[in-house]
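K.L.:
Can you read through this structure? Questions will come right after.
What follows draws every value from the coordinates through simple rules; no lab data is involved. Predicted, not measured: the structure shown is a model, and the values here were computed from it. FYI the Cβ positions are ideal-geometry reconstructions off the backbone, even for glycines, and counts take in every protein chain you see.
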Amino acid sequence: MRDVYDPAPLTAAPLPAAPLTADSLAAWREEVSAALYAVTCGFEEKYGYGPGENAIHPPEAGDRAAAGRLAAESAAFAELALYYGEIGAVSMGGVGNAYFLHSGARALDERIPLPEAGGTAPAVLIGSDGGGILYAVGADGGVWRSRRASEEAEFDRITNDLAEFLDLLRRSVHRFHKTGQPGFV
């Protein structure tokens, strides 16, 4: 992680579409961790309350085991399996309304039917925002967002894949740091 957050080389523009790799996830983790650190500096003075936890945790053994099970279950979960092999739980308590990505072990146990996404495998609930809106990876490999804070809510597709979703989160952290406005997710 960088010692000092320098937004000059970082852009809020979307990154070109590319499949996830261990290297791209390491770069995402480093950039977003630095941006989260920058968000927390002076946060309480600016907003009048603490920023909560803002951290990207490394995967634990259970997360890596979950990654293997997801990879074996469906080709649609290949990116998700790679992600959980490299990254654990993510907390962005100080960004917008907050964003939380579950650990792989937790996500494996939180499955829901998502007929909107097609396929036979249940969707994997990967996280939520601070208001309880849910995010899931469907059998089509896309990331879906609930319309309200409920597993029974209808879901809308927000990205074609996990890489695009992670880029939206990255851009959201930068946008919040720069403007104080909530992100794109």
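K.L.:
Tell me whether region 95-185 comes out rounded, prolate or oblate; compute the Cα gyration tensor, take square roots of the eigenvalues as a ≥ b ≥ c, and use a/c under 1.5 as the rounded threshold.
P.N.:
Prolate is the answer for region 95-185, as a/c is 1.5 or above and a/b outweighs b/c.
K.L.:
What's the magnitude of the charge dipole for the chain around its Cα centre, counting Lys and Arg as +1 and Asp and Glu as -1 at the beta-carbon? Answer in Debye, nearest 20.
P.N.:
It comes to approximately 280 debye.
K.L.:
Turning to a different aspect of this structure: Putting +1 on Lys and Arg Cβ atoms and -1 on Asp and Glu Cβ atoms, find which of 56, 143, 99 reaches farthest to the positive end of the dipole of the chain.
P.N.:
It is 99, whose Cα lies furthest towards the positive end.
K.L.:
Which value, to two decimals, describes the C-alpha radius of gyration of region 12-165 once divided by 2.2 N^0.38 Å?
P.N.:
The value comes to 1.04.
K.L.:
Could you compute the FRET efficiency for residue 97 and residue 153, with r as their C-beta to C-beta distance and R0 at 25 Å, rounded to 0.05? Don't skip to the end; give the middle numbers.
P.N.:
Values: r = 17 Å, r/R0 = 0.66.
The calculated FRET efficiency here is 0.90.
K.L.:
What are the semi-axes of the equivalent ellipsoid of region 36-93, taken as the square roots of 5 times the eigenvalues of the Cα gyration tensor, listed largest first and rounded to whole Å? All intermediate terms of the calculation are to be shown ahead of the outcome.
P.N.:
Values: eigenvalues 220, 20, 11 Å².
With the √(5λ) rule applied to region 36-93, the semi-axes are 33, 10, 8 Å.
K.L.:
Taking Cα centroids, how far is region 15-91 from region 104-151 in Å?
P.N.:
Here the answer is 17 Å between Cα centres.
K.L.:
For every other residue with a beta carbon closer than 13 angstrom to the beta carbon of residue 157, add +1 if it is Lys or Arg and -1 if Asp or Glu, then tell me the sum.
P.N.:
-4
K.L.:
Work through the residues other than residue 96 whose Cβ is under 15 Å from its Cβ and net out their charges, Lys, Arg +1 and Asp, Glu -1.
P.N.:
On the way: positive: 46, 145, 170, 171, 175, 178; negative: 53, 129.
Summing Lys/Arg as +1 and Asp/Glu as -1 gives +4.
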